[in-house]
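Below is one structure; the comments refer to it alone.
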There are 2 protein chains.
Amino acid sequence: MVTLADIARHANVSSGTVSRVLNNKTDYPVSGPTVERIRRAAAELGYRPNVMARALATGKAQAIGLCYHSITEPMFIRILEAAEAKARERGYHLIVSSNPESFFAGSIVDGLVYIGGLSHPRVQEFARHKPVVFVGPSDFRGSACGPNTVTWSEYEAAFMAVKHLAGLGHRTIGALWGDDDPALLLRLEGFRAAVAEFGLTGVEETGEQDPDPTRRGYLQMERLLGREPRPTAVFARNDYLALGALKQLFEAGVSVPREMSVIYYGNSVLARAAYVELSSVSHPNAEASVVALEQLIAMIDEGVREFPNVSLPITLCEHDSCVSPAPSLSTSP
Amino acid sequence: MVTLADIARHANVSSGTVSRVLNNKTDYPVSGPTVERIRRAAAELGYRPNVMARALATGKAQAIGLCYHSITEPMFIRILEAAEAKARERGYHLIVSSNPESFFAGSIVDGLVYIGGLSHPRVQEFARHKPVVFVGPSDFRGSACGPNTVTWSEYEAAFMAVKHLAGLGHRTIGALWGDDDPALLLRLEGFRAAVAEFGLTGVEETGEQDPDPTRRGYLQMERLLGREPRPTAVFARNDYLALGALKQLFEAGVSVPREMSVIYYGNSVLARAAYVELSSVSHPNAEASVVALEQLIAMIDEGVREFPNVSLPITLCEHDSCVSPAPSLSTSP
DNA sequence: ATTTTCGGTACAAGCGCTTGCAGAAGACCC
DNA sequence: GGGTCTTCTGCAAGCGCTTGTACCGAAAAT
């Protein structure tokens, strides 16, 4: 291992000077030839700064923690990808863990990005010492979230999906909601608001217990097909539900999109790969993680204490699964 | 920030003693009451060891790097999940990056797991200083890989898939191989060997250029349907190809599995969510990352220099997409 | 009673880096 | 030519932790 002292010896200067030169400390005047000697010596010896020693001396780890409550969430992978690239670009390492405890050990990270929830007791505690940015969907219309959050609105996503379907002429619209977690039910509000605003009939399927999310979609779609009046379009709360629903429609011989339009909320390759390319209202997960990282680094490097919520827009992605309902179907039987 | 010195002052001992007590150094005798006092003081003050200082003193970062060449590979997420849990269990942090350079900074990690290739020039260089374990598919039959690798055999996967189809009575079997990357073509060997061994006719589709892997599968399946004799079963090299193929079959009105059996190589939720639950030959990616981590930690903690290749078995996962060919189809027209 | 042993504890030297401060040389002004 | 600047560089004190070694008292062995 090559140390500053080794370089100092080679270049006939002190280790302090080497440190300042290698870190481009401009407030410290060093003559041209000396800089030259030091740089050459460093290059020749193949110097790599010891991150630990630097971290100890400066009190900065140059590392950011990425914490998430569910890694298998399809959105996680894109968040991670974007975050890692951004962190690297800014000279930070990324330490991942699903357990906030991992980051409590003193000084392991300079800040934390928490994915998937706008709060977490242990993370809140961590936030008292070091900057934390929360990233995830919000239940509210607009940016009604607290500080230090980067969000998108599931309310708006649901609203936008229904609006799209209403625009195509659908009058009766189903919602596949999977389980009945209260936090998730809250997000039905966007669906309900749109149904009310456009004077539609909403058919909600909730409370399915099956542990397999694809199967939840499958079963809920089965029930939906038995409803009177039968919806001509359906909004699924996530990728898995949409895929399960699609499977049900396939088996029941219901043509998509001719007899049933399908749109879902999500953002992954999953549903894009189905036998009918599904339209969606997509959340800006990758962008959100980039924004979160930039905000976090600003907090770390510039000592910013707090920034107001950033709410990123939902995007409507039109593919092949939504069309206007057939005349015979749009009028109730 | 609470330091060892603070605790030492509180407990009326020296910081050295505190360190030894808190780290359970058994070779160092400390009286019961003293241990009590130290532990209580640490708890009261809310002591968190400074990882950086410890790392500097011990020369160990208690961190492992996870490096991958493609994060969007569907298998990556399961590898990461398993690796993170294992690392945490063993008291290591996990630092992820797609860029090996990230780990070259002195002493940032104690070792490296490289996912997705059995070699990489920069990582090889890293391996000269610190332990590295490579994880990924191998092209060979059995465990013909170098040391410090955890692999599974794509040769065997392809062989096993074809064997399964042959056992069901299929005589003409297609292979969807996507692009014509030489490294990937090598893996066709398992397919060819099985075709030869069971006296079948193999129809290979390769060299598709489209950048979208799902579309590659879609187009290759289209071509395959025009072949004479038309295969009654098809093996797809990955999830995306399988999904694209399935879409083609749907549009062409070819029933799966009645008119065409489909099996693919992979291991993700992707193809499980299709309208016909696809059978597969699955690779042990999560297990591999766990084994890799254990081996790596053994190398770090016990100074093991090298371990022989570990080759994990491929699993046949039977679902709904493979059946015996219809009599009218199994005999050539 | 003297030596040996050993349980219990403190001391201090690092690990490699950063950084405030002091110091040495030369240039400049009066 | 002595003082004040500027320009350049070295010194050394940490950052918080680990760990080899020295030390002291009391019990055990001689």
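Summed over the range A:13-34, the residues that are more than 12 Å from DNA strand C (Cβ to nearest atom) and modelled with pLDDT of 90 or more give a count of 0.
Which pairs turn up if I take residues in the range A:6-26 that are under 19 Å from A:Arg48 (Cβ atoms) and more than 14 Å from chain B (Cβ to nearest Cβ) and look for partners that are near DNA strand C (Cβ under 8 Å from one of its atoms) and part of a loop (DSSP other than H, G, I, E, B) with beta carbon separation below 6 Å, at least 6 apart in sequence or on another chain? Within 6 Å, the pairs are A:Ala8/A:Ser14; A:Arg20/A:Tyr28.
For the range B:70-81, state whether one or more residues are polar (S, T, N, Q) and within 16 Å of DNA strand D (Cβ to nearest atom). No, because not a single residue in the range B:70-81 is polar (S, T, N, Q) and within 16 Å of DNA strand D (Cβ to nearest atom).
Restricted to the range A:46-61, and to residues that are hydrophobic (A, V, I, L, M, F, W, C) and buried (at least 18 other Cβ atoms within 10 Å of the Cβ), which residue is farthest from the other protein chains (Cβ to nearest Cβ)? Ranking the qualifying residues of the range A:46-61, first place goes to A:Ala61. Among strands (runs of 3 or more DSSP E) entirely within the range B:198-276, having at least 2 residues that are charged (D, E, K, R) singles out B:201-205.
The single condition from (1) under 19 Å from the mean Cα position of the chain (by Cα); (2) more than 28 Å from B:Thr58 (Cβ to Cβ) that A:Gly65 fails is (2).
Going by what's in this entry, would A:Ala292 be described as modelled with pLDDT under 95 and of a type in the set (Gly, Ala, Ser)?
Considered against the rule, which asks whether it is modelled with pLDDT under 95 and of a type in the set (Gly, Ala, Ser), A:Ala292 comes out as no.
Considering (1) within 30 Å of A:Lys130 (Cα to Cα); (2) within 8 Å of DNA strand C (Cβ to nearest atom), the lone condition that B:Ala5 does not fulfil carries the number (2). A:Phe76 satisfies every condition listed in (1) facing chain B (nearest Cβ under 9 Å); (2) buried (at least 23 other Cβ atoms within 10 Å of the Cβ); (3) at pLDDT 90 or above except (3). Kindly indicate whether B:Ile64 is more than 16 Å from DNA strand C (Cβ to nearest atom) and more than 10 Å from chain A (Cβ to nearest Cβ). Against the criterion (more than 16 Å from DNA strand C (Cβ to nearest atom) and more than 10 Å from chain A (Cβ to nearest Cβ)), B:Ile64 qualifies.
Rundown of residues vs (1) farther than 30 Å from A:Leu219 by Cβ; (2) among the charged types (D, E, K, R), yes/no style:
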position	(1), (2)
A:Arg122	yes, yes
A:Glu125	yes, yes
A:His164	no, no
A:Glu189	no, yes
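Filtering the range B:35-45 to residues that are away from DNA strand C (no atom under 12 Å from the Cβ) and more than 14 Å from chain A (Cβ to nearest Cβ) leaves B:Arg39, B:Arg40, B:Ala41, B:Ala43, B:Glu44.
Got at least one residue in the range A:101-109 being small (Gly, Ala, Ser), at the interface with chain B (Cβ under 10 Å from one of its Cβ atoms) and not in a loop (DSSP other than H, G, I, E, B)? There is at least one residue in the range A:101-109 that is small (Gly, Ala, Ser), at the interface with chain B (Cβ under 10 Å from one of its Cβ atoms) and not in a loop (DSSP other than H, G, I, E, B).
Within the range A:195-228, being within 16 Å of A:Ile173 (Cβ to Cβ) and of a type in the set (Asp, Glu) holds for A:Glu197, A:Glu204, A:Glu205, A:Glu228. Within the range A:117-174, being of a type in the set (Asp, Glu) and touching a residue at least 12 places away in the same chain (Cβ under 8 Å) holds for A:Asp139, A:Glu154, A:Glu156.
Summed over the range A:256-272, residues that are within 11 Å of chain B (Cβ to nearest Cβ) and either under 17 Å from A:Leu225 (Cβ atoms) or acidic (Asp, Glu) (or both) total 1.
Screening A:Ala288, A:Ala252 for residues that are assigned by TED's automatic domain parsing to the domain that holds A:Ser138 and either of a type outside the set (D, E, K, R) or within 17 Å of A:Asp180 (Cβ to Cβ) (or both) leaves exactly one candidate, A:Ala288. Can you name every residue in the range B:277-295 that is among the aliphatic types (A, V, I, L, M) and assigned to a helix (DSSP H, G or I)? Within the range B:277-295, B:Ala286, B:Ala288, B:Val290, B:Val291, B:Ala292, B:Leu293 qualify. Going by the structure shown, is A:Gly174 over 21 Å from A:Pro313 (Cβ atoms), touching a helix residue (DSSP H, G or I) at 6+ places or on another chain (Cβ under 6 Å) and not assigned by TED's automatic domain parsing to the domain that holds A:Ile297? Answer is yes for this residue. Within the range B:79-100, the set of residues being more than 7 Å from chain A (Cβ to nearest Cβ) and either over 14 Å from A:Ile71 (Cα atoms) or outside any helix (DSSP H, G or I) (or both) comprises B:Lys86, B:Ala87, B:Glu89, B:Arg90, B:Gly91, B:Tyr92, B:Pro100. Among the residues of the range B:34-45, the ones that are more than 42 Å from the chain's Cα centre (by Cα) and surrounded by fewer than 20 Cβ atoms within 10 Å (Cβ to Cβ) come to 7 in all.
The values are calculated or read from the model by the stated rules, or taken from the named source; none is laboratory data. None of the values given here were measured: they were computed from a predicted structure. Here Cβ is always computed from backbone atoms with ideal geometry, including for glycine, and neighbour counts include all displayed protein chains.
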